[in-house]
1. For Ala13, list long-range residues whose amide hydrogen, built 1.01 Å from N in the peptide plane, is under 5 Å from its own amide hydrogen.
2. Among Gly41, Gly86, Gly49, determine the one that fluctuates most according to a GNM of the chain built with springs between C-alpha atoms less than 10 Å apart.
3. Against the longest principal axis of the chain, how steep is helix 15-48, in degrees 0 to 90 to the nearest 10, with axes from Cα atoms?
4. Sequence gap at least 6, Cα distance under 8 Å: using those rules, report the relative contact order of the chain to the nearest whole percent.
5. Could you tell me how many degrees, from 0 to 90 and to the nearest 10, lie between the Cα long axis of helix 59-80 and the main elongation axis, the longest principal axis, of the Cα atoms of the chain?
6. Find how much the distance from Phe52 to Ala100 grows on full extension, using 0.36 nm per residue of separation minus their present alpha carbon separation; answer in nm with one decimal.
7. Among (1) 17.9, 66; (2) 16.7, 61; (3) 16.4, 53, only one was calculated for this model; which label is it, if the read-out is Rg and Dmax of the Cα atoms in Å?
8. Round to a whole number: what % of the accessible area of segment 23-113 belongs to carbon and sulfur, probe 1.4 Å?
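The values are calculated or read from the model by the stated rules, or taken from the named source; none is laboratory data. Bear in mind the structure is a predicted one, so any value in this text is a computation, not a measurement. Keep in mind that these areas ignore ligands, DNA and RNA; they rest on the heavy atoms of the full protein, side chains included. Shrake-Rupley method; radii C 1.70, N 1.55, O 1.52, S 1.80 Å.
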Amino acid sequence: MTVPEGGNGPEPAGIVSRGVAAALDVLVLVAACFAVQAGVGCVRLLVTGPPFRFPEPSLWLSGVSGWVLAVLYLACSWAAIGRTAGARLMGLRVTDRAGALLGLPRSLLRAALCVTFPLGLVWIPFSRRRAALQDLVVVSAVRYDWR
C-alpha cells in the first residue's frame, strides 16, 4: 500500500467513498443477476424450445440467491485481491488492520455482515478509525490505496 507523506500508513476511507463503492458494487450485482437469469432462460430455450422467456423465480428464491451471489462476490474479491470493482474505482482496499488480505473465512463473515446489515456503515463517522460495525467484528480496515 502507498503511504501518504508524513503519515503512518494509508488513510482510512470515509463513509462517502465507501458508500459510492457499495453503490457501484450493487450495480455489478444487478448486472450479474440479470446475466444469471438470461443464462437460465437460454438453457431453458435450448431444452424446451421457443419462445425465449426470462425465468420468474419466487420472491423467496430471488432473495436467497441474490444474497448468496452478493456474499460470494464480496468475499471472493476481498480474499483474493482486497477489493471489489466498486472499491477499485474508488481507490479502496479491504485488509486486516496490519494491511494483509483477510483470507476467505474472515472475508465470508465480513461479506455476510455487510449484505445482511448494510447500515453498519453508519458507524463510520462515529469511529476514531473510520470503522464500520462489520470492521469491528472481523477486525478489518478499509483504506485508500490507489496502486
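1. So Ala13 has HN proximity to Val142, Arg143, Tyr144.
2. Fluctuation is largest for Gly49.
3. 20
4. Working: 186 pairs, mean separation 45.5, N = 147.
It rounds to 31 percent for the chain.
5. The angle comes out near 40 degrees.
6. Details: separation 48, 0.36 × 48 = 17.28 nm, distance 4.68 nm.
Full extension from Phe52 to Ala100 adds 12.6 nm.
7. Checked against the structure: label (1).
8. Details: 4130 of 5350 Å².
Carbon with sulfur: 77 percent of the solvent-accessible area.
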